[in-house]
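Step one of this worksheet: look at the structure below.
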Amino acid sequence: MRRLVVALLAVAVLGAGLLVDHAERAWPSTRPFVRTGTVGEEVRLWPGWVEVRGARAANSYVDPYGDEIPTDGVWVAVDVVLTGGREPVGVAQWTLEDAAGRRFQASERGGAYLMDSAQPESPLRAEIVFEVPRDALGRLVVRAGTRGADDRLGAVAAIDVTVEEVSQRPMTAEQPRWEER
């Protein structure tokens, strides 16, 4: 009797695993459309492009009003260029993902700027600011998504960047500015 119960449980677990595997392959349209890239590369983010030019970290952040904002972790500023294509491109969510898979949303503390759109053929450059734990530094992935937290069927640009050194000097983020194409 005990062997029969064990055999039935094993079949149930195997069946559940096969069902999950089938479901993930059968419903791929619920995932975002992800394009990957590296620093300095324009990555398609329909209907435009996003480019990460670099990133830096500091122990404190100076907001646009001149107030210094400390953190228990570190501040990371990512230098980004967003360009619309034939239509304006909109970014609903900026996240930073560490090597452990943890995702951190762009910070709005201290008036940090969140670049959310760019007009056709008009590159807009700014620094997006994140507040992350100190152990998140190293290889990071900047993710720009055209949809919010539920990014199914949205476009996502995922760009690798490395940040290892932390400045002891307070950081100010570059405000948005137009660039020549």
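Here ASP160 fits the description: among the acidic types (Asp, Glu) and out of contact with any Asp or Glu (no Cβ under 6 Å at 6 or more places or on another chain). The set of residues in the range 128-151 that are open to solvent by 40 Å² or more (accessible area, probe 1.4 Å) and without any contact (Cβ under 8 Å) to a residue 60 or more places away in the chain comprises ASP135, ARG139, ALA149, ASP150. If you filter the range 31-71 down to residues that are free of Cβ contacts under 8 Å to residues at least 60 places away in the same chain and under 14 Å from GLN168 (Cα atoms), you find that the one that is least open to solvent (accessible area, probe 1.4 Å) is ILE69.
Let's see how each residue does on (1) within 14 Å of the chain's Cα centre (by Cα); (2) modelled with pLDDT of 95 or more; (3) surrounded by 18 or more Cβ atoms within 10 Å (Cβ to Cβ); (4) not in a strand (DSSP E or B):
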site: GLU87; (1), (2), (3), (4): no, no, no, yes
site: LEU96; (1), (2), (3), (4): yes, yes, yes, no
site: ALA99; (1), (2), (3), (4): yes, yes, no, yes
site: PHE104; (1), (2), (3), (4): yes, yes, yes, no
site: SER122; (1), (2), (3), (4): no, no, no, yes
site: ALA126; (1), (2), (3), (4): no, no, yes, no
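Among the residues of this structure, GLY48 counts as one that is within 20 Å of GLY84 (Cβ to Cβ) and in contact with a Pro (Cβ under 9 Å, 6 or more places away or on another chain).
Here is the figure for the range 45-58: residues that are at pLDDT 95 or above and more than 14 Å from the chain's Cα centre (by Cα) total 4. State whether the residues of the range 152-170 include one that is modelled with pLDDT under 90, at negative phi and surrounded by 12 or more Cβ atoms within 10 Å (Cβ to Cβ). Scanning the range 152-170 turns up at least one residue that is modelled with pLDDT under 90, at negative phi and surrounded by 12 or more Cβ atoms within 10 Å (Cβ to Cβ). Candidates in the range 26-41 are the residues that are part of a loop (DSSP other than H, G, I, E, B) and modelled with pLDDT of 70 or more; of these, the one that is nearest to VAL163 (Cα to Cα) is VAL39.
Taking every residue in the range 80-96 that is charged (D, E, K, R) and pairing it with any residue that is open to solvent by 30 Å² or more (accessible area, probe 1.4 Å), at least 6 positions away or on another chain, the pairs with Cβ-Cβ distances below 7 Å are ARG86/PRO120; GLU87/PRO120.
The values are calculated or read from the model by the stated rules, or taken from the named source; none is laboratory data. Here the structure is a predicted model, which means the values were calculated and not measured. No Cβ is skipped: glycine too gets one built from the backbone with ideal geometry, and neighbour counts run over all protein chains shown. Accessible surface areas use protein heavy atoms only, side chains included; no ligands, DNA or RNA. Shrake-Rupley method; radii C 1.70, N 1.55, O 1.52, S 1.80 Å.
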